[in-house]
Each structure stands twice: as structure tokens, then as C-alpha cells.
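Participant: Before we start, here is the structure in question, set down as C-alpha cells.
The values are calculated or read from the model by the stated rules, or taken from the named source; none is laboratory data. Nothing here was measured: the structure is a model prediction, and the numbers come from that model. Reconstructed Cβ throughout: ideal geometry from the backbone, glycine too, with neighbour counts over all protein chains shown. Accessible surface is based on the protein model in full, side chains and every heavy atom, while ligands, DNA and RNA are left aside. Shrake-Rupley method; radii C 1.70, N 1.55, O 1.52, S 1.80 Å.
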Amino acid sequence: MSRLGTLGARLHHGEVGYDFIKNRKIWYGVSILITILAIAGLAVRGLHMGIEFQGGAVFTTPKNMSVSVATAERYAEEASGHDAIVQQLGDGSMRIQVAGIDTGTSDKIKDTLAEDLKVDAEQINAELVGPSWGEQIANKAWQGLGIFMVLVVIYLAIAFEWRMAVAAFVALIHDITITVGIYALVGFEVTPGTVIGLLTILGYSLYDTVVVFDSLKEQTRDITKQTRWTYSEIANRSINSTLVRSVNTTVVALLPVGGLLFIGGGVLGAGMLNDISLSLFVGLAAGAYSSIFIATPLVADLKELEPGMKSLKKRVMAKRAHGADGDEGPQMATVTGGDHGDDAEDATPAVVGPRGRPASRARGRGRPSGKRR
């Protein structure tokens, strides 16, 4: 078995692990800081809305242009008096976008560009884009986002419980805010592709969160019938047991998206790929982070406010104080349900001993320790 596979097995069985719940305040602080930076970026720089949302004209030049992108951008800005965005296409032609102009202005800019670029005006294709189309896309996106959020909360409240629904909702808002804030800070253009990317990442983020929640739901079944583990400890075990799976799925998803962003958009110069790839890349990473460091710890905090969980924690701490489970307290183990009353404690797996080996429960019961005869 590979090292990663061995680590995953040991995490799943609770032999090793990181205490995510204990250090949750650190991760809450990190998320708050990143969110503040994202909101500051939105407030100071704002979003660079594409021509589809502002309206304007798109000029496409002939193939195999000898003029550089920077020069073409300068020509377009001088001709229009507006900021221009120039993208070089794979066939050597250029796509020049100028926002906020009408039909009459578009014809003048086309003639001026043809003169500067030393081509026939008929060879430059001009298309006008109205802002109403972009408004419709934005409105539909907001409607889709709202419907998605409502359905997610309802589903999670039914399939799991309302606390998990609240935590998942907070995690989704966290992911969207960070992604949009980074768009503002980087200055990438917001296009319909960006909107599609933002809606797509919600599913990925929710997937990782639901995987952890499902494990948590299984392990906390009939949790109040035992006095070995608190809810937070079992929540921590759930995160660790699914950690390798979450990391693997996220890395596998990020690799092709990273190829689109860094190779397609950066190296090959296909700027149109940046629209959707940046939102996917940032959103996938933020979704994996929030499912591990935000959603589940938040569920644990909400559950620990319940009277039943408070009572359980007191009983667990009191039992440990009397040395019933060892001087250092037990490591995490799966809680199994069943109507066994006080015998539910004995249904839990044995405390993990040194080097990941289970400590025998029979030791000291009817036979002295030592070699077998």
C-alpha cells in the first residue's frame, strides 16, 4: 500500500489525526481575515464587468495581424476614448472590446482602427452588444443562486438536521465571497463564463461538506448512550476519516482547471479561458477548505450548545477525571448505536494503544499479564 493509502487508513481508524475542532478558532480567524480582504477588494476596486454586462462593441480584426496586443489596445483606446480589452485569438486575429459606445461611435472607431492597423475597414467585423442581455443573465444567475440555496438548506435540514444546513449555508456564502473578492483583486473581467463558474463551484463545495456530514451522522448515532466521547471529538474523527478523500478529489479537480488557467490563459494567451477557470480554481480550493475547517467545526459548536450535548460532555469529563479511560483521555473511536443502555460503552471499539495497535480489553481479567503458558 502507498504511503498516502496507509495514511488514509490510519486516519480512518483514528490512529493518527489533527485536532481540527480544538483549533477551530484559528481557522475561523483565517476565514474572517480572508473574507474581510475579499470584501475590501470589492469595495475598493470593484468588479471589472465584461462588455456583456455594460454594452458596447466588439471588433474582430483579420487573421495573422503583425501588430502586438499592446499596440492594438493603444490604438483602440485612442480611437474610442474608452478603456479597451484586446485578446489575440488562435488564428492570429484580435478581438477588441470597447464598452459604453453606440452604433454611430462604433462606425467611427472601426474606420480609425482600420487606418491605424493598415487594413481595409471591410475586413474588420464589428458587433454591438446591448447591456440588457447581460442584465438578464445577471438576474437569472441571482434567481438560480437563491433557488439553489433554499433547496440546499431544505435538503440538508431533512436529510441531516438544521444545524448542518446552517453550517453548509455559511460555508457556501464563504466560498462565493472569497471567489468574487479575488476576482476584484486580480482584476479579471466578469463575463457570463464567470457566472457559470460561480454556480458550478457551489456543487463541488457542497459535495465535500455532505461527505463529512454523512460520516458525522453515522458516528454520532445514539451518542448519548455512551460516556466515552463528546460530540466535538467524534466530529473531529469524521473530518480526519474523510480527509484524504476530500484532498484527493479536490486535487484531481484542480489539476485540469489549473491547466486551463495557467497554461491556457497564461502561457497560450487564450484570455477567454480565464473567465471560467479562475472562478473554478479559487472556488474549488475554497470549497475544500470550508468543508474541513468551517462547516464541520461550526456544526460541532452549534451541537455543543444543546442541553443533551452539554450533559454528555459533563459526564465524559467526569468519567475521565476519575481515570476510567486512562490518564490522557481516549483517542477518537467510532461510536456504534443500539439499545443496550449502559452496555453501549462496551460496544465502542477498544482504545487505540501505542503504535496504532488496539489495547486489549481482556488484559487483567482473570489472567495475570505475561507470557502465555
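Participant: Please give every one of the lysines within straight-line cross-link reach of residue 108, meaning a C-alpha to C-alpha distance under 27 Å, and leave out same-chain neighbours fewer than 8 residues apart.
Facilitator: Straight-line reach from residue 108, under 27 Å: 63, 118.
Participant: Still on this structure, I have one more. Please report, in debye to the nearest 20, how large the charge dipole of segment 24-93 is about its Cα centre when each Lys and Arg carries +1 at its beta carbon and each Asp and Glu carries -1 there.
Facilitator: For segment 24-93, the charge dipole is close to 540 debye.
Participant: A further question follows. Identify all lysines with a Cα-Cα distance to residue 303 below 22 Å; exclude those on the same chain that are fewer than 8 residues away in sequence.
Facilitator: 22, 25, 217, 225, 313, 314, 319
Participant: In segment 100-207, what percent of the accessible surface is made up of carbon and sulfur (1.4 Å probe, ligands and nucleic acids excluded)?
Facilitator: Carbon and sulfur: 64 percent of the exposed surface of segment 100-207.
Participant: Taking H placed 1.01 Å from N in the peptide plane, check which residues at least 5 places from residue 129 or on another chain put their amide H under 5 Å from its amide H.
Facilitator: 56, 57, 58
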